[in-house]
Amino acid sequence: MNRITPNNAFWTIRPLKCKKLHLLNVALFFLTAGNLQAQVFGGNPSSMQWRQVNNKIAKVIYPVGLDSAGQRVANVVAYFQPSIAKTIGNRYKPVSIVLQNQSLVSNAYVQIGPYRSEFYLTPSQNSFELGSLPWVDQLAIHEFRHVEQYNNFNVGLSKVFRILFGQQGQELANSLVVPNWFWEGDAVFNETQTSQQGRGRLPYFFNPYRSLWQEQKNYSWMKLRNGSYRDFVPDHYALGYMLTAYGREKYGDDFWKNVTHDAASFKGVFYPFQLAVKRYSSKPYKAFRNDAIAFMRQQLADSTVISTTKHFLGDQEFPNYLQDGRLLYMNSSYKQIPRFVINNNGVEKKLRVRDISLDNYYSVRNNKLVYAAYRTDLRWGYRDYNEIKLLDINTGVQRTLTHKTKYFSPDINDQASKIVAVAVFPDQRNELHILSADSGTVLKRIPNADKLFYTYPKFYKNNEVIAAVRNSKGEMSLMKINTENNQHTALLPFSWHIIGFPQIKGDTVFFSASAKDRDELFALVVSDAKLYKLQSSLLKGVTGNYQLTSGNGKVAWTNFTAVGMRLKETTVADAAWVSADNFNAPNKYDFGVTALSNKQTSDLLDKVGDSSYPEDKYSKGHKLFNFHSWRPAFEDPDYYFSLFGENVLNTFQSEIYVDYNRDEQFKKIGFNAIYGGLFPYLSGGVAYTFDRNGLGRYHRIYWNELEASAGLSVPFNLSKGRNITRLSVGSFYTYNSSYFQGSYKDSIGTIDYGYLNNTISFSNQIQSARQNIYPRFAQTLTLNYKTAIQNYTANQFLASANLYWPGLFINHNFVVNLAFQGHDTLGHPFTFANGFPFSRGYQAENLYRMYKWGVNYHLPLCYPDWGFASIVYFQRVRANLFFDYTNTQDFYSNHSKFNENFRSTGTEIFFDTKWWNNLPISFGIRYSYLLDDDKFGGAGHNRWDFVLPINLISR
């Protein structure tokens, strides 16, 4: 059944998050498992041609036309490997790195099953978050550190896991003992030490912890590790960098190499990472982490204390004054999805929910608002678009100006007649386009001879645009561009200062920029090149200030706090501007971490050469059957164990498996494969089942069966606007030979038949906020029709739907389930598999006609934010009150009609948890009271069940 799953994590697109696959991540790994995948199966069109660059360190695979990017990645990893290996270990195995150029999502990951990495080549517009280094370089130095980690963690008991369970067995073992904060903290330290920048030198990177400290939010260690549904908790990247940097600072470059080697070897078995930290630091793990945080807090914080509210309020971003003095901004919270709001003297009024977007940036002039909305391709998962939307503030009417374009950061001019936007292309070109605000047609393409990367362009005068730009080294400046003659004029010298969010007011450009240890607000008077810094008394604390705007005698901006990005506002008269002549001073600031100055690895990126490695065509058929892991899996009522394979381009998956079904107690062995390189998925398989059984007209019958199947399906992604919509259509042919057992062996013998299995699966939902259990509006529908087309006449039809509505309060949901299943009455000694969602608590059978409706009311009970022993952490407890009604019809052996109701009511209590500070698992307890007799099960009306509402392993 196609369902909307509970919202256990805030849905967002985050850049450069290394999504490592975790097959099983608890001690009893045969019972629980995780599979956090970043890759997209069959995501590129079949017309895409691939090439490769090879050296002894890596095979870099890239689309035709990206030779320079392929060579650059190959050069970086080849030069880095011998140098950075000294701080992690000397073990190495060449890796495949795939460069993806069709997606606008700024991301990358490394995985070990199969062993590969993927780089998504579109940089982010926001340089404060990830820095301004050339994007290919940034990806290479960060992700290659993960490659080195995996290579050197294949030791001891982790190596035994790899021998027993394949590549994902090692991944499981590594994830059990090496915390996720080390994986990412170590990679961030590496990117910082080996370059002129890196996140360890970005003030924005430390804002989350600085905001907690200045607001005296002293969360427990487990809360810092696992997050919260009520409070803002920094992610494990900043935490990991602080701990990793402290370890290097106090104990040298070999410290983490020794710690992780012992941990990956399971030296000590129980909590080996913690024991290794104590072994090499002579401090208990708790003392070590407390000292590390105290050390970084001393470098980052000051004595300023700011009082605030208890829990997260929400983000107020990109303020803009309207012509009548009202303040427009983006508003989002843990309860509400992103929306445009207008603040009139302290009273907020929603203008419109924003369409799904990669960021919250927008521009407004003359009561016309423009922004770029994200849209997926109909079929190809790696291909997506940013389409420009124009919203009339007066009428609330929104229009789509461009279709299937790749635009970022649009700005509209004073007359609301033209739009300037950053256009990105799969070949890594970056241009400014001037568009008609009426039709969206391109009026002017501005050449980019210097290969700049444009961010946040703003109209300055009729024929001029000002944008924050990065050069080929990664340095930034403000650039004035004449749209008539294409002349580019730098308004500031290029430097390592991060620059962003420019706003124009007359002859003045307001912008945010990094200045030593924090991000501050600046104003540049263009005509006389005078630069000023805002010094208002409202600029309290140590966190950053961003997105300043001016209008109607006031200025407003956003400040990073522990309860969200919050608006600050003052009058122009009270805004204290001071000269900022020292802005051009060097901005390479290490926040007190002297370990970054290692002579052997500091600024290693600047020393990378430009060797020309051999290039060749990469065959899309290379190593299709790439078996890499043994997978145990549980998807009630089925228990699987499979040998799983996947090729590097992620277009072909295959598995050899065994399966035990708890309901029917049958055993199965088989082979499945699916190819996603064409528009439809092509799939096929063969399986042999022992001891199947079913309820016939007169008796229970038993048989073995051989099945072979082949089919095709198409997964359509129809998402656009404010809705996430998916449709999957498939048809599969199966040939079955059934060998009957017992008394039916002679009377029936063997029967052969073929049947079609036709499926349609549809889901539609709006976006969800962090605390929403389900989307406030959503619908799912599953249709399945099976019909025999060879030797017999038989059929079965299933229709199932779920409808989601808002409940009485913001995080409550009212959910209705509807279902029907029916099959023929011919009484064949075989039945199609039963997929009907029977009333909860009853033993289900596959009967002639079954009708179901059910109602559910989901609500949160509490947010404990509590755990113990770094084993399990409880984030939320929620309940579901339900009533199920199923009507069934069939026939007794004397041909009289069977017509019974199966009604139940009860309560489900679900626990949304994190295990081992990493793996999210939701589980629950269900109490069902049966209002009718259980005709096919045990006696009594009270039933208790353990519930796993989501699949723990994706198959």
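A few points about this structure:
- Rounded to the nearest Hz, the phi-derived 3J(HN,Hα) couplings of the stretch 85-92 under the Karplus curve 6.51 cos²θ - 1.76 cosθ + 1.60 (θ = phi - 60°) are 4, 5, 9, 9, x, 9, 6, 8, where x marks glycine and proline.
- Given R0 = 51 Å, the distance between the Cβ atoms of LYS588 and ASP945 translates into a calculated FRET efficiency of 0.30.
- Inter-site label distance for VAL816 and LEU643 at 7 Å from Cα along Cβ, in nm: 5.0
- Checking the cross-link pairs LYS458/LYS530; LYS480/LYS530; LYS278/LYS516; LYS59/LYS406; LYS217/LYS278 against a 24 Å limit on the alpha carbon distance flags LYS278/LYS516; LYS59/LYS406; LYS217/LYS278 as lying beyond it.
- Packing-based ranking, highest mean first, of 657-669, 258-270 given that Cβ atoms within 10 Å are counted: 258-270, 657-669
- Near ALA287, once Lys and Arg are set to +1 and Asp and Glu to -1 for all other residues with Cβ below 13 Å from its Cβ, the sum equals +4.
- Helix-only mean residue ellipticity at 222 nm for the chain, each DSSP H run of n ≥ 4 adding -39500 (n - 2.57), per residue, nearest 500: -5000 deg cm²/dmol
- Trypsin sites (Lys or Arg not before Pro) restricted to the stretch 288-320 and DSSP loop, no more than 14 other C-beta within 10 Å: LYS310
- Taking θ as phi - 60° and the Karplus parameters 6.51, -1.76 and 1.60, the scalar couplings of the stretch 662-674 work out to 5, 5, 9, 6, 9, 10, 9, 10, x, 9, 10, 8, 9 Hz in sequence order, x denoting glycine and proline.
- Highest mean packing first, where packing is the average number of other Cβ atoms within 10 Å per residue, the peptides 831-839, 122-130 line up as 122-130, 831-839.
- Entry note, the stretch 431-498: relative contact order of 21 percent, from Cα contacts under 8 Å with a spacing of 6+ residues.
- Residue-span extension gain [ALA869 to GLU664] - 0.36 nm each, minus C-alpha spacing: 69.9 nm
- With the highest mean first, a sort of the peptides 429-436, 161-168 on other beta-carbon atoms found within 10 angstrom per residue produces 161-168, 429-436.
- Taking label positions 7 Å along the Cα-Cβ direction at both TYR857 and LEU718, the computed distance is 3.2 nm, reported to one decimal.
- The 3J(HN,Hα) values that the Karplus relation (6.51, -1.76, 1.60; θ = phi - 60°) gives for the stretch 533-550 are, in residue order, 10, 6, 10, 5, 5, 6, 8, 7, x, 10, 7, x, 10, 9, 6, 6, 9, 9 Hz. Gly and Pro appear as x.
- Extension gain from ASP253 to ALA573, taking 0.36 nm per residue of separation minus the Cα-Cα distance: 110.0 nm
- Annotation: the residues VAL729, VAL469, sorted from fewest to most other C-beta atoms within 10 Å of their own C-beta, follow the order VAL729, VAL469.
- Close amide H contacts of PHE666 (hydrogens built in the peptide plane, cut-off under 5 Å, sequence separation of 5 or more or a different chain): ASN661.
- Taking the stretch 627-947 and dividing mean pair separation by its residue count, relative contact order in percent (alpha carbons under 8 Å, at least six apart): 8
- Taking Lys and Arg as +1 and Asp and Glu as -1, the other residues whose beta-carbon sits under 11 Å from that of SER768 total +3.
- Paramagnetic label zone (point 7 Å from Cα along Cα-to-C-beta, PHE494; backbone N under 12 Å) in the stretch 118-157: 134
- Once the Cβ-Cβ distance of LYS540 and GLN298 is raised to the sixth power relative to R0 = 22 Å, the FRET efficiency obtained is 0.65.
- Label separation (HIS403 vs TRP805): 3.5 nm, computed from points 7 Å beyond Cα along the C-beta direction.
- Between the stretch 263-332 and the stretch 413-447, the Cα center-to-center distance that results, in Å: 39
- Counting beta carbons within 10 Å around each of ILE481, ILE97, ILE909 and listing the fewest first gives the order ILE909, ILE481, ILE97.
- Using 0.36 nm per residue and subtracting the Cα-Cα separation, the extra length available between VAL686 and TYR219 on full extension is 162.8 nm.
- Förster radius 60 Å - calculated FRET efficiency between ASP291 and ASN894 (Cβ-Cβ, nearest 0.05): 0.15
- Shown for SER132, SER922, SER597: other C-beta atoms within 10 Å of each C-beta, ranked fewest to most, produce the order SER597, SER922, SER132.
- Spatial separation of Cα centroids for the stretch 830-882 and the stretch 902-940, in angstrom: 5
- Amide H contacts of TYR681 (H built 1.01 Å from N, in plane; Pro and chain starts excluded): SER713, VAL714 sit under 5 Å, all sequence-distant by 5 or more or on other chains.
- Under 20 Å from the ASP528 label point (7 Å along Cα→beta-carbon), backbone N, the stretch 552-584: 572-584
- Summed side-chain charge close to GLY268 - residues other than GLY268 whose Cβ falls under 10 Å, Lys, Arg +1, Asp, Glu -1: +2
Bear in mind that the values in this text are calculations on the coordinates, not laboratory data. Fair warning: this is a prediction, and the values are worked out from it, not measured in the lab. Every residue, glycine among them, receives a Cβ derived from its backbone with ideal geometry; neighbour counts consider all protein chains shown.
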